[in-house]
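Notes to accompany the following structure.
The values are calculated or read from the model by the stated rules, or taken from the named source; none is laboratory data. Note that this is a predicted model, so its numbers are computed, not measured. Every residue, glycine as well, gets a Cβ built from its backbone with ideal geometry; the counts of neighbours run over all protein chains shown.
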Amino acid sequence: MAERTLLTNARVLTCTGDRHERPIAADVLIEGDRITRVAPGIEAGPARVVDLRGATVLPGLGDAHTHISWPLDFVFDHATVAAAPPAPHILDVAAVTRTYLESGYTFIIGAGTTQPMDDLLVKDAIDRGLLPGPRIVPSGPMIAEAGGLGGDGEIMEVVANAAELRENVAWQCGMGVRALKLFISGDGVVPEFPSEDVYMNDEMLLAAAEEAGRHGAFLTTHARGSASVAMAARTGVRIVHHACFLDDEALKALEARRGDIWVCPGLHYLYAVVNGHAEPYGITPEKVEASGYHEEFRSQVEGLHRLREAGIGILAGGDFGHQWTRHGTYAAELQRYVELAGMTPAEAVHTATRNMGEAAGLPLGQVREGYLADLLVVDGDPSADVTVLQDPARRRAVMKNGRFAYVNPEVYP
């Protein structure tokens, strides 16, 4: 018989879709790794009963743009990490996955590794119960086009045509990669490769999408400029990272795939850079100005309003791990959606819960019957103040697969 747990005296934020939803008074019954009932006054019979004393239960959070290769002390030194001895490096990666879990994140989608097997090795260890960590949709090495950003091959795979790209996708999928990250635009932080640059072409992306689909995998793209976003949308990419510039053509291409494509903006990263948070680490005001990030930030905020109006799904996540976007501060992304993109707090939470399940095609991200019992227990109401998700002292516990994966020792000594 499956293990049964009853969470009582709870406030439940179900994340089933209402952008104005608030927590409801209810119990949550869990059998094995699934939620079997959400209702007030459940009579569970034989079960472990946990009195939450009025705390809020919501789905475990998710991040769709993760680089677990970046250690806790990472400072934009990709080449150093790539060249690090594998044994101590993988311990750094394990520390990052533990940080995600203890921050309330039970699901992550990889967006490129710095050492090729990072996501795969740690996912295997987590799945076997050897390490604490979230569910992982694993990525592999990022893929660049010869001559474009990353085309030096220092930390990325480099391809020149559709045949080479298909071959690389097949190789990575054969290893177990399920989220293939392609660089199809530049990035103003490297001025010689501006954000509006476009790399690869429709033929290459269509070939990559077809090959990924054969293996049950999908494509994600670094796409900052409008033309690259439009190309990603019309060629079958599932997750578009950044999408900082959006013209009418890009928006129309995204609308044509509504419900089958998601944008993961990484808004907090741009916010932090343009507000000087990276200056102590060498990203000077002069470098920020040269990057064009001030304009890019303004454009991305405007674009998020347009995406919401068009009903394009937004996924939380974005390049956390730099010292100005430190590991463990992942929920700051949700705060920016409320402050800058016009979202309600509940709507922002949905980008890290309900939307994640839809994008991944998995029964997670909602507190409802039949869904995976990956849950976060916090003091306070995130649908009234989303910043409570950033406070470790308010984080009571994290459940994964119906079991307590983290319990705050300061709350439950």
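Quick notes
- Test: residue in the range 355-375 that is among the β-branched types (Val, Ile, Thr) and under 26 Å from LYS252 (Cα atoms): no
- Scan of the range 146-184 for residues that are over 24 Å from the mean Cα position of the chain (by Cα) and part of a strand (DSSP E or B), ordered by number: VAL158, VAL159
- Number of positions in the range 165-186 that are surrounded by fewer than 23 Cβ atoms within 10 Å (Cβ to Cβ) and touching a residue at least 40 places away in the same chain (Cβ under 8 Å): 7
- Hey, GLU369 modelled with pLDDT of 95 or more, surrounded by fewer than 18 Cβ atoms within 10 Å (Cβ to Cβ) and farther than 25 Å from VAL50 by Cα or not: no
- The listed residues are LEU246, LEU219, LEU254, and the only one of them that is buried (at least 21 other Cβ atoms within 10 Å of the Cβ) and assigned to a loop (DSSP other than H, G, I, E, B) turns out to be LEU246.
- Spans of strands (runs of 3 or more DSSP E) in the range 1-76 with at least 1 residues in contact with a helix residue (DSSP H, G or I) (Cβ under 8 Å, 6 or more places away or on another chain): 56-59, 61-66
- Residues of the range 308-317 classified as surrounded by 20 or more Cβ atoms within 10 Å (Cβ to Cβ) and out of contact with any Asp or Glu (no Cβ under 6 Å at 6 or more places or on another chain), total: 4
- Residue among ALA209, ALA223, ALA227 that is within 19 Å of the chain's Cα centre (by Cα), assigned by TED's automatic domain parsing to the domain that holds HIS305 and closer than 22 Å to GLY151 by Cβ: ALA223
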